[in-house]
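Worksheet: the structure to be examined is printed underneath.
The values are calculated or read from the model by the stated rules, or taken from the named source; none is laboratory data. Just so it is clear, the structure is predicted and the values come from calculations on it, not from any experiment. Note that we place each Cβ from the backbone using ideal geometry, even for glycine, and neighbour counts take in every protein chain shown. Side chains included, ligands, DNA and RNA excluded: accessible areas come from the protein's heavy atoms. Shrake-Rupley method; radii C 1.70, N 1.55, O 1.52, S 1.80 Å.
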Amino acid sequence: MAERNPQSGFAIRKTLFVWFTMAIILVVASMLYIGSTGRPRFIDRNLLPSEKALSVYEIATSHFKNTTQFQSNNCNPEDAILKLYMYDLPPEFHFGLLDWKPEGDSVWPNLHRKIPNYPGGLNLQHSIEYWLTLDLLSSTDPTRPNPCTAVRVTDPNQADLIFVPFFSSVSYNRYSKVVPPEKISLNKKLQQNLVKYLTSREEYKRSNGRDHVILAHHPNSMLDARSVLFPCVFILSDFGRYNPNVANLEKDIIAPYRHLAKTNINDSAGFDDRPTFLYFRGAIYRKEGGNIRQELYYLLRNEKDVEFGFGSIQANGINKASQGMHGSKFCLNIAGDTPSSNRLFDAIVSHCVPVIISDDIELPFEDFLDYSEFCIFVRAADAIKEGYLMGLLKGVGKERWTAMWERLKEVDRYFEYQYPSVRDDAVQMIWKALARKVPAIRLKVNRLRRYQRFGRGLKESADDGNFPIISGF
């Protein structure tokens, strides 16, 4: 029998010890990496997909793998907080409005091959329909880097809500004019066809549309259909041009504009580094509730360290406004033709403390966010008193301003639209806001069904603030 070599046994034990130690180090390192925190870096949102979608998707995926917000696991519908059934509307209602042409029988683009472009300029501010639809289309993609907040389901009976993918803001912006020999605009025709489609669907009839989500972010979108489809949940920019029986906070969602100014990433420009005290650049002469802009212009135009001037998208206007906001302590957000404007969200991502002068404004996610932590609200009647506004703002000391500035840097992520979407950006915040509406919607739908199972139920109308049973446009 051969003798046992003690040096050989020692070598084996030493080797095993080294491998075991290395394994422990790798496990600990991976846990620290997964649990690490930090502010994510974002791809420039001012650049929309214009290359082949595969390269855009790969670039974005590679980028977000290096952030704590990336989630590579498949999205199990049971884990999502919101399940949505999306109608397969013909392309003429959505990506066809962006000049996308379908391939074969599919009504949807292949997001791994090419993402349709969205119009630039001011069109971007109402582009929520684009970002939400892209996110929902990719929600069942096993390789997507998106969070598992909302997921598309194929059975409407399993859905919390029904998503209607009509790009109504693009439809209004691009197709609201009548083109001879047509008698009505394409925008109006699409709305008529949408109403006929929806009201013929069993999914719509079973709830009278209460669980349907309509995207109408542009204030003039869905003008012809809103009085018929008012039972639905609208996603809007504000309620300025809506009858309160058609749209209200009880049933609808206010979503942020897609900002046009560049996000102030790695912002270190504090109180003493921003030479402009108060900033406003935009249209000064407005109709309806925007007359206050003109009054404030005459009050503030000669104040020291105040920049209050006319501006537009022309002549590199967006970049000029972005630079102005980045160098200012306070940025005015004044009511215009409607209570809200994109300017508020430009100020937020510029970390310029917003001064909101709009008595009827409604704000996105206000059941989650306390805007008084990073915004200053001034009643219109007070703002036009001589010396009032400047006195109020000068009373905000450096310490208080800095606290608001720090808070702006924490909340700006809630107002970012992007694809692929990431945790707690604007897309995910909208899904969460909709999810919070679901229990109240279920209650209303169940109450409505009390008599529908054995009869027609009650016929209701927009005049009394209830929801109608609709048979056509």
Under-5 Å amide H pairs with N333, H placed in peptide plane, nonlocal only: V355, I356, I357
Point-to-point label distance, D360-F277, nm (Cα→Cβ direction, 7 Å offset): 3.2
Within-13-Å neighbourhood charge of Q323 [Cβ basis; K, R +1; D, E -1]: +2
Area of E250 that stays accessible when all protein chains are in place (1.4 Å probe, Å², to 10): 130
Zone of K304's modelled label, taken as backbone nitrogen in segment 355-393 under 15 Å from a point 7 Å along Cα→Cβ: 390-391
Heavy atoms of F377: accessible area, 1.4 Å probe, square angstrom to 10: 100
FRET efficiency for R113 and Q323, using Cβ-Cβ distance with R0 set to 45 Å, rounded to 0.05: 0.75
When each of K114/K320; K262/K409; K83/K444; K101/K189 is checked by Cα-Cα distance, pairs over 24 Å: K114/K320
Accessible-area order (highest first, 1.4 angstrom probe) of the listed residues R152, R400, R281, R226: R400, R281, R152, R226
11 Å beta-carbon shell around V355, net charge (K/R +1, D/E -1): +2
Gained length - N291 relative to S200, 0.36 nm times residue gap less alpha-carbon distance: 28.3 nm
Heavy atoms of M404 accessible to a 1.4 Å probe, total area in Å² rounded to 10: 0
Chain lengthening between K101 and L122 when straightened (0.36 nm per residue, less Cα-Cα): 5.2 nm
Aspartates and glutamates with Cα under 14 Å of K437, excluding same-chain neighbours fewer than 8 positions away: D160, D211, E250, D252, E366, D367
About the Cα centre, charge dipole magnitude for segment 149-291 (Lys/Arg +1, Asp/Glu -1 at Cβ), debye: 680
Computed label-point distance, nm, for sites K432 and I265 using a 7 Å Cα→Cβ extension: 2.3
Global geometry of segment 283-413, whether rounded, prolate or oblate, following the gyration tensor of its Cα atoms and the 1.5 cut on a/c: rounded
Cα lying deepest toward the dipole's positive end in segment 243-296, options I265, N248, N291, charges on Cβ: N291
Selection from I357, Y417, L392 lying farthest towards where the dipole of segment 331-428 points positive, charges on Cβ: L392
Residues T402 and L369, FRET efficiency given R0 of 30 Å [Cβ-Cβ distance, rounded to 0.05]: 0.95
Sequence of K394, K432 from largest to smallest accessible area, 1.4 Å probe: K394, K432
Extended-chain gain in nm, criterion 0.36 nm per residue less alpha-carbon gap, D141 and F377: 80.7 nm
